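Working notes for the structure below.
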Amino acid sequence: MPILNQKLLKYVPACLALSCLIGVRGADNANSGGSAKATASGTATVTAYPLPPAKLPGKGLAQHDFLYTGEWDTRKTNCTLFLIQGGKVTWTYQIPRKDEFNQQESEYSDMHRLSNGDIVFAYKTGWRKISKEGKTIYDFRCPRDTAPNGSNYWRECHSAQPIGMDKVLFMLNGAPAKLCLYNLKTGKTEMEHEMRTKNPGDPRSVHGQFRNVRMTKAGTYLIAHMDLGKVIEYDKDWKEIWSCDAPSVWHTCRLKNGNTLFAGNQHAFAREINPAGEIIWELKNGDMPGVRINSVHQAIRLANGNTVICNWTAGVKKEDWPKIVQVLEVTPAKELVWAFNEWSDPDLGPASCIQLLDEDGKDEEQELMR
């Protein structure tokens, strides 16, 4: 992570981290493992992080076949993509947390399994397409750049979406940030557009600009502006055609019913908004008895109407991570029908991204609501 050392960053108060926009990491990793409550004397006490239920609903890892990964597992030197089939880990793919190219922190922030088994993923210091066997097909490395103030910094990439079999839409956080469409077959960038950000010339803001952004089935750009706290949809000519407030939005997708689903990061919610901007459905911390929602990274909608969220580690001490229920599937009525808590044998680590492989449709054709 450029500019601010990570060991220092976790001690930055969440409000300061957010205000300086390096802060998604700072806010997500506030060094508090429980919730604070005021006593009669005015002092604060911290309640212990709750243990997960002794038995979670569903069939554990056997409920779905899926691809899974998470950001910033600082317990380990490598980051891992996991393929789960039949309840077992059948394949993994690792990258070092310290990028050997630029010595910056790497982490999986987005990933997509195509219909032929190939995988496209973003890893902060770049994006990559690999075959189903793990062979590199193409590897993009984020460049070092010079900000308007003359300072040098590393760009970041936290979103890479396959468009068809041969193109990748990716966000290049920077000063300024750019959304790009790259054609793997021709080796050319077909589109590059400078994106609006809160502090466009400040390299200190780069990390907090964007996570997952998407091209819709209709060919519009649905952008989760994390630092602006908005989801904005643009047409092909970059005219703003729709927007909604979305504090610290991490991930967004267009649903088949025309509504928009997005995840609220450390605000710990997933929210569905209709075209009029009204909240149609929401899942937030407190809605699941016995299961704490810490930070929602990806929120995806299944064909049956259920919603699956990745429950990240924000605000939880590392020693309490094994108490976190990483993934939850809930019905429209907010009934918990599947969840897992897997921190040993296998240790799946923090939850940021998931793709269920038993859903019909091709991810590269924007047929999945993720």
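The values are calculated or read from the model by the stated rules, or taken from the named source; none is laboratory data. Predicted, not measured: the structure shown is a model, and the values here were computed from it. Here Cβ is always computed from backbone atoms with ideal geometry, including for glycine, and neighbour counts include all displayed protein chains. Heads up: the accessible areas ignore ligands, DNA and RNA and are worked out on the full protein's heavy atoms, side chains in. Shrake-Rupley method; radii C 1.70, N 1.55, O 1.52, S 1.80 Å.
So the check is Cβ under 7 Å with 6+ separation or different chains; which pairs have a first residue in region 273-293 that's without any contact (Cβ under 8 Å) to a residue 24 or more places away in the chain and a second one that's assigned to a loop (DSSP other than H, G, I, E, B) and of a type in the set (S, T, N, Q)?
Short answer, once both residue conditions are applied: Asn274/Asn259; Ile280/Asn259; Ile280/Asn274.
What's the total number of residues in region 90-139 that are over 20 Å from Cys180 (Cβ atoms) and open to solvent by 60 Å² or more (accessible area, probe 1.4 Å)?
Result for region 90-139: 12.
Of Ala303, Ala299, Ala314, which residue is touching a residue at least 40 places away in the same chain (Cβ under 8 Å), surrounded by fewer than 20 Cβ atoms within 10 Å (Cβ to Cβ) and of a type outside the set (Asp, Glu)? Explain how you work it out, then say what you get.
Details: Ala299 fails: surrounded by fewer than 20 Cβ atoms within 10 Å (Cβ to Cβ); Ala314 fails: surrounded by fewer than 20 Cβ atoms within 10 Å (Cβ to Cβ).
When all the criteria are applied, what remains is Ala303.
Quick one: which of Pro247, Pro322 is free of Cβ contacts under 8 Å to residues at least 24 places away in the same chain and part of a loop (DSSP other than H, G, I, E, B)?
Pro247
Have a look at Ala175, Ala160 and point out the one that is surrounded by 14 or more Cβ atoms within 10 Å (Cβ to Cβ), within 21 Å of Met226 (Cα to Cα) and touching a helix residue (DSSP H, G or I) at 6+ places or on another chain (Cβ under 6 Å).
Working: Ala160 fails: touching a helix residue (DSSP H, G or I) at 6+ places or on another chain (Cβ under 6 Å).
Ala175 is the lone residue from the list that is surrounded by 14 or more Cβ atoms within 10 Å (Cβ to Cβ), within 21 Å of Met226 (Cα to Cα) and touching a helix residue (DSSP H, G or I) at 6+ places or on another chain (Cβ under 6 Å).
State whether the residues of region 142-152 include one that is in contact with an Asp or Glu (Cβ under 8 Å, 6 or more places away or on another chain), of a type outside the set (A, V, I, L, M, F, W, C) and modelled with pLDDT of 95 or more.
yes
For the subset of region 181-203 comprising residues that are in contact with a strand residue (DSSP E or B) (Cβ under 6 Å, 6 or more places away or on another chain) and crowded, with 18+ Cβ neighbours inside 10 Å, which member is farthest from Phe140 (Cα to Cα)? Walk me through it before giving the result.
Pass one, region 181-203, residues in contact with a strand residue (DSSP E or B) (Cβ under 6 Å, 6 or more places away or on another chain): 181-184, 189-195, 197, 203.
Next, only the ones that are crowded, with 18+ Cβ neighbours inside 10 Å stay: 181-182, 195, 197, 203.
Numbers: Leu181: 12, Tyr182: 10, Met195: 20, Thr197: 23, Pro203: 20 Å.
The extreme case among them is Thr197.
Mind checking which residues of region 203-228 are assigned to a loop (DSSP other than H, G, I, E, B) and over 13 Å from the mean Cα position of the chain (by Cα)? Working first, answer last.
As a first pass, look at region 203-228 and keep what is assigned to a loop (DSSP other than H, G, I, E, B): 209, 211-213, 216-220, 226-228.
Residues satisfying the conditions are Thr216, Lys217, Ala218, Gly219, Thr220, Asp227, Leu228.
Test Ile309 against the criterion of being farther than 27 Å from Tyr234 by Cα, open to solvent by less than 50 Å² (accessible area, probe 1.4 Å) and not small (Gly, Ala, Ser), and give yes or no. Reasoning before the result, please.
Numbers: farther than 27 Å from Tyr234 by Cα: no; open to solvent by less than 50 Å² (accessible area, probe 1.4 Å): yes; not small (Gly, Ala, Ser): yes.
Answer is no for this residue.
Sort out which residues of region 135-192 are among the polar types (S, T, N, Q), over 16 Å from Met215 (Cα atoms) and within 23 Å of the chain's Cα centre (by Cα), and write them in order of number.
Once the filter is applied, which keeps residues that are among the polar types (S, T, N, Q), over 16 Å from Met215 (Cα atoms) and within 23 Å of the chain's Cα centre (by Cα), region 135-192 yields Thr136, Asn173.
Would you say Thr331 is touching a residue at least 12 places away in the same chain (Cβ under 8 Å), surrounded by 14 or more Cβ atoms within 10 Å (Cβ to Cβ) and closer than 20 Å to Lys59 by Cα?
Details: touching a residue at least 12 places away in the same chain (Cβ under 8 Å): yes; surrounded by 14 or more Cβ atoms within 10 Å (Cβ to Cβ): no; closer than 20 Å to Lys59 by Cα: yes.
Judged against the criteria, Thr331 is not a match.
Among the residues of region 277-293, are any of a type outside the set (Val, Ile, Thr), on the phi > 0 side of the Ramachandran plot and open to solvent by less than 10 Å² (accessible area, probe 1.4 Å)? Don't jump to the end; show me each part of the working.
Filtering region 277-293 for residues of a type outside the set (Val, Ile, Thr) gives 277-278, 281-290, 292.
When the remaining residues are screened for being on the phi > 0 side of the Ramachandran plot, the result is 277, 286, 290.
Pick out the ones that are also open to solvent by less than 10 Å² (accessible area, probe 1.4 Å) and you get none.
No - not one qualifying residue is present in region 277-293.
Could you figure out which of (1) within 19 Å of the chain's Cα centre (by Cα); (2) within 21 Å of Gln298 (Cβ to Cβ) isn't true of Ser115?
So the condition that Ser115 fails would be (1).
Can you give me the number of residues within region 140-157 that are surrounded by fewer than 16 Cβ atoms within 10 Å (Cβ to Cβ) and not charged (D, E, K, R)?
Result for region 140-157: 7.
Being of a type in the set (Asp, Glu) and assigned to a loop (DSSP other than H, G, I, E, B) is the filter here, so list the residues in region 350-370 that pass it. Give the steps one after another, and end with the answer.
Our first condition is that a residue be of a type in the set (Asp, Glu); within region 350-370, this holds for 358-360, 363-365, 367.
Once the filter is applied, which keeps residues that are of a type in the set (Asp, Glu) and assigned to a loop (DSSP other than H, G, I, E, B), region 350-370 yields Asp358, Glu359, Asp360, Glu367.
Hey, could you check region 204-227 for residues that are open to solvent by less than 50 Å² (accessible area, probe 1.4 Å) and among the hydrophobic types (A, V, I, L, M, F, W, C) and say which is nearest to Pro275 (Cα to Cα)? Let's see the steps before the verdict.
First pass over region 204-227, keeping only residues open to solvent by less than 50 Å² (accessible area, probe 1.4 Å): 205-216, 219-227.
If we keep only those that are among the hydrophobic types (A, V, I, L, M, F, W, C) too, we end up with 206, 210, 213, 215, 222-224, 226.
On the way: Val206: 30, Phe210: 22, Val213: 18, Met215: 17, Leu222: 13, Ile223: 15, Ala224: 16, Met226: 20 Å.
My answer is Leu222.
Let's see how each residue does on (1) over 17 Å from the mean Cα position of the chain (by Cα); (2) under 17 Å from Leu83 (Cβ atoms):
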{"residue": "Val325", "(1), (2)": "no, no"}
{"residue": "Leu328", "(1), (2)": "no, no"}
{"residue": "Ala333", "(1), (2)": "yes, no"}
{"residue": "Asn341", "(1), (2)": "yes, no"}
{"residue": "Pro346", "(1), (2)": "yes, yes"}
{"residue": "Asp358", "(1), (2)": "yes, yes"}
{"residue": "Lys362", "(1), (2)": "yes, no"}
